[in-house]
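Undergrad: Right, I'll just put the structure down here and ask away after.
We did not get these values from a lab; they are worked out from the coordinates using the rules stated. Given the structure is predicted, the values throughout are model-derived calculations rather than measurements. FYI the Cβ positions are ideal-geometry reconstructions off the backbone, even for glycines, and counts take in every protein chain you see.
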Amino acid sequence: MTSPLAASGLNRALVLIPVYNHGKTLRGVVETCLREGHDVLVVDDGSTDGSLETVLDLPIQRHRLPVNRGKGAAIQAGAKLAEALGYDAIVTLDADGQHDPADAKLLLKVAAESWPIIVLGARRMDTDNVPTSSLFGRAFSNFWVRLECGRTLPDTQSGFRLYPVALLTQTSFISRRYTFEIEVLVRGSWAGLDITSTSISVYYPPGDERISHFRAFWDNFRLSVLHTWLVTRSLIPWPHRRPFAQTQPEPSSSSLLHPVRFFKRLSQEHTGPAELAAAVWVGVFVGSLPIIPFGLVTILYICHRLNLNKLAGAGASNLCIAPFVPLLCIEVGHRLIRGSWWTAFNRQTLIGEIHYRLGEWLLGALIIGPVLGGLAALATYALVRSLRGAPKEPF
């Protein structure tokens with residue numbers, strides 16, 4: 001049957017429930033989805049507790065992966081099935097019972113107004129039993145997504161989402177597990193899709209009933225690798241393929257014709273405490289490198305690509321003005337290479353051996369720059385938060 005989620009511009013949508021060892025809660029989630037009138041597909045990601053067997057008698061689509069491959073792999077497998085069945089969108093819903101399937105209609109209502117689009121269900125995490133680690137993890141994830149694609153999103157870790165099926169089937173993702181839900185947002189933005197959110201409810205069971213498959217070491221390691229790759233790709237001046245890009249109206253007038261307005265906008269862009277701290281770190285680190293003729297241009301380019309405040313980055317680079325930071329970098333580099341401090345300041349060591357000094361400067365800057373930048377960033381973050389008042393979340 002046609003899902004009641006259907007609307008103009010969005011013909012058919014399917015609720016996709018990836019499951020891994022949530023046999024106790026899966027049936028209740030599926031039954032609620034059916035009562036809401038949704039078409040349902042359950043993808044069993046190699047469960048060992050018989051999760052899929054608990055819904056064999058229900059009128060839904062089912063698919064099983066023989067071994068556990070990760071949530072991302074399950075969603076991608078489900079997207080291929082959804083495409084074959086003629087669906088335009090999927091709404092992913094966790095099987096642990098924390099979400100209300102009735103909220104799926106909220107996501108589809110938003111999507112129908114400007115299809116195609118990615119819609120996040122932003123969890124209202126305002127109850128006393130929400131783990132502090134979840135609040136921090138959400139804020140930290142939001143920061144990295146802003147850095148990588150410029151989107152300010154309230155809950156990039158929510159598993160309740162709506163995706164265009166075409167995005168999942170036509171994009172080559174490198175993530176298969178927990179990290180997939182971060183990559184798909186960034187890659188979707190790069191592909192030209194808008195990303196928006198709508199508020200949804202969330203239920204957090206008591207700690208002794210909470211089932212989590214998050215593995216602190218391995219999943220954080222995968223996240224580090226993914227963010228390193230996404231940031232690196234963000235800095236590469238090679239255009240992203242944008243199959244979903246919408247035609248944008250031309251600006252009414254050039255910023256160059258309104259310099260005061262331009263610099264006001266420039267000073268106010270990306271001005272969250274974390275973004276300003278990151279811009280300061282970039283400015284100090286790049287400013288410490290022996291690339292004086294190109295330092296300012298490099299800082300502006302990196303801040304532009306990483307959606308950071310350009311004026312904050314450029315201003316912070318003044319901390320590295322000669323001779324203090326360059327001399328400190330040379331001294332540290334000289335000590336690392338030669339085992340002693342540089343004490344002979346004469347024409348020969350300054351001019352005749354300048355190639356040695358530049359090498360020592362570069363080596364020292366790779367140590368002094370991140371450390372000094374980190375101190376400046378922490379001071380900036382603390383100062384901005386104290387002046388603005390501490391927000392509810394760390395970022």
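Undergrad: Could you work out how far apart the two model spin labels at residue 109 and residue 356 are, taking each label as a point 7 Å from the Cα in the direction of the beta carbon, and quote it in nm?
TA: So the two model labels end up 7.4 nm from each other.
Undergrad: Check residue 96: other-chain or 5+ apart residues with amide H under 5 Å from its amide H, H built from backbone geometry?
TA: Excluding prolines and chain starts, which carry no amide H, there are no hits.
Undergrad: What distance in nm lies between label points placed 7 Å from Cα along the C-beta direction at residue 83 and residue 327?
TA: With each label point 7 Å from Cα toward Cβ, the separation is 6.2 nm.
Undergrad: I would also like to ask the following. Which of the peptides 167-179, 77-89 is most tightly packed, and how do the rest follow, judged by the mean count of other Cβ atoms within 10 Å per residue?
TA: So the peptides 167-179, 77-89, ranked by packing, come out 77-89, 167-179.
Undergrad: May I pose another question? Alpha carbons only, please: Rg and Dmax for the stretch 255-388, in angstrom.
TA: For the stretch 255-388, the Cα radius of gyration and maximum Cα-Cα distance read 17.1, 56 Å.
Undergrad: What ratio of Cα Rg to 2.2 N^0.38 Å holds for the stretch 13-235?
TA: Here the answer is 0.95, to two decimals.
Undergrad: Same structure again: Which value in nm describes the separation of the simple spin-label points at residue 335 and residue 347, placed 7 Å from the Cα toward the beta carbon?
TA: For residue 335 paired with residue 347, the spin-label model returns 3.1 nm.
Undergrad: Just rank 345, 140, fewest to most, by other beta-carbon atoms within 10 angstrom. Please list the in-between numbers first.
TA: Values: 345 9, 140 17.
The most exposed by this proxy come first: 345, 140.
Undergrad: I'd like the FRET efficiency for residue 242 and residue 124, computed as 1/(1 + (r/R0)^6) with the beta carbon distance as r and R0 of 45 Å, rounded to 0.05.
TA: Details: r = 33 Å, r/R0 = 0.73.
After rounding to 0.05, the efficiency reads 0.85.
Undergrad: Working out 0.36 nm times the residue gap between residue 379 and residue 271, then minus their Cα-Cα distance, what length gain in nm do you get to one decimal?
TA: This chain segment gains 37.4 nm when fully extended.
Undergrad: Next question. Using unit Cβ charges (K, R positive; D, E negative) and no other charged atoms, how large, in debye to the nearest 20, is the dipole of the stretch 13-235 about its Cα centre?
TA: 620 debye
Undergrad: Also, I was wondering about something else. Report the net charge of residues surrounding residue 286, where surrounding means a beta-carbon distance below 15 angstrom and charges are Lys +1, Arg +1, Asp -1, Glu -1.
TA: So the surrounding residues net to +2.
Undergrad: Still on this structure, I have one more. Which far-off residues, 5 or more places away or on another chain, put their amide H under 5 Å from the one on residue 200, with H placed in the peptide plane?
TA: Under 5 Å from the amide H of residue 200 lie the amide H atoms of 122, 123, 124, each far enough along the sequence or on another chain.
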